[in-house]
Amino acid sequence: MAKKFKQLSRQIKKVEEKEKKGSYGSWRKQFCRKYMELLARAQKNTYSSLVETLAPKGEEITCLRGCIHCCFHYVTVSLAQGIVIADYLYKSRDYLEQFINNHEKWHQTGYPIAEKIDRTRIDALSASTPIDRIITDTRSQSEGYLDMNIPCPFLVDKKCFIYKVRPLSCSGHYAVTAPSWCSPSTDQKPYIYQMIPNDQDLTELTLLSDPRISLYELALPTMIYRLLTEGAAPIMDEIVQQNFG
């Protein structure tokens, strides 16, 4: 295991060096900086908007630090934000190592079903299938994933160690019922708001680069592992070959 990890570490370091070279490396550095700024603004605006919506109803967001009930879902991330998360991990070798260790277990349990959902979503989007139809078609698979009780590889000690750059699908879910109601072991049905950034924030995030890299998504652990071990170019080639977007 130690030998395998050393080999993987060398591979990741080699990919990192390639990702940071030349004109692409310069673009990537500026892209990550700007994306993080816009992401922070989008998350803040989304949160504030929901608080304003809830106030007249006498409701409030009940999500608490250390509550991880949402961290067992199938979660996707775009290539655009995946690049930012990979860059975030490059700056913290401890977090990067933690992810690689956690990913080993996730790959054995979560990857098989996540890969099936990814493939269904990609094929449907390539065929211009409406997003609501895609959600309906993959709901049973996503529920099956949740039933497997697989923790996100970015969890350690009940904390998300990429919280600052977590996917929009994570930062856009807010509960307004008791946190314990979100537990799969309870019969209570939680009420959760699924928020998306406003049009301006979404547009600015998308227009930072080729829109296709903001639209193309994979399961969060799959995307980040591939970016760390392969780099962005092979994934972009797949997008082009599939005529995605």
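Out of the helices (runs of 4 or more DSSP H) lying entirely within the range 166-245, which hold 1 or more residues that are under 26 Å from Glu37 (Cβ atoms), modelled with pLDDT under 90 and open to solvent by 20 Å² or more (accessible area, probe 1.4 Å)?
Filter on the range 166-245 gives 168-171, 212-215.
Condition check ((1) farther than 27 Å from Leu38 by Cα; (2) among the charged types (D, E, K, R)) across all residues:
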site: Ala124; (1), (2): yes, no
site: Ser128; (1), (2): yes, no
site: Asn149; (1), (2): yes, no
site: Phe154; (1), (2): no, no
site: Lys158; (1), (2): no, yes
site: Phe161; (1), (2): no, no
Open item on the list: Please determine whether any residue of the range 149-157 is of a type in the set (Val, Ile, Thr), surrounded by fewer than 17 Cβ atoms within 10 Å (Cβ to Cβ), outside any helix (DSSP H, G or I) and over 17 Å from the mean Cα position of the chain (by Cα).
Closed with: no
- [ ] Provide a single number: the residues in the range 81-101 that are open to solvent by 40 Å² or more (accessible area, probe 1.4 Å) and either closer than 30 Å to Trp27 by Cβ or basic (Lys, Arg) (or both).
- [x] 7
TODO: Find all pairs meeting these conditions: Cβ atoms under 9 angstrom apart; at least six residues apart or on different chains; first residue within the range 11-30 and more than 15 Å from Lys91 (Cα to Cα); second residue open to solvent by less than 100 Å² (accessible area, probe 1.4 Å) and β-branched (Val, Ile, Thr).
DONE: Gln11/Thr229
Open item on the list: Testing Tyr163 on (1) aromatic (Phe, Trp, Tyr); (2) surrounded by fewer than 19 Cβ atoms within 10 Å (Cβ to Cβ); (3) within 27 Å of Lys4 (Cβ to Cβ); (4) under 14 Å from the mean Cα position of the chain (by Cα), one condition comes back false. Which one is that?
Closed with: (3)
TODO: Please name all residue pairs, on different chains or six or more residues apart, with Cβ atoms under 7 Å, provided the first residue is in the range 144-173 and is within 21 Å of Gln81 (Cα to Cα) and free of Cβ contacts under 8 Å to residues at least 60 places away in the same chain and the second residue is among the aromatic types (Phe, Trp, Tyr) and outside any loop (DSSP other than H, G, I, E, B).
DONE: none
- [ ] May I ask you to list the residues in the range 15-49 that are open to solvent by 100 Å² or more (accessible area, probe 1.4 Å) and among the hydroxyl-bearing types (Ser, Thr, Tyr)?
- [x] Ser23, Tyr47
Open item on the list: Just checking, does the range 120-129 include any residue being over 20 Å from Arg212 (Cα atoms) and surrounded by fewer than 18 Cβ atoms within 10 Å (Cβ to Cβ)?
Closed with: no
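The values are calculated or read from the model by the stated rules, or taken from the named source; none is laboratory data. Predicted model, so just to flag it, every value in this text is computed and none were measured. For neighbour counting, all protein chains shown are included, and Cβ atoms are generated from backbone atoms with ideal geometry for every residue, glycine included. Quick note on the areas: whole protein, heavy atoms, side chains included, nothing else; ligands and nucleic acids left out. Shrake-Rupley method; radii C 1.70, N 1.55, O 1.52, S 1.80 Å.
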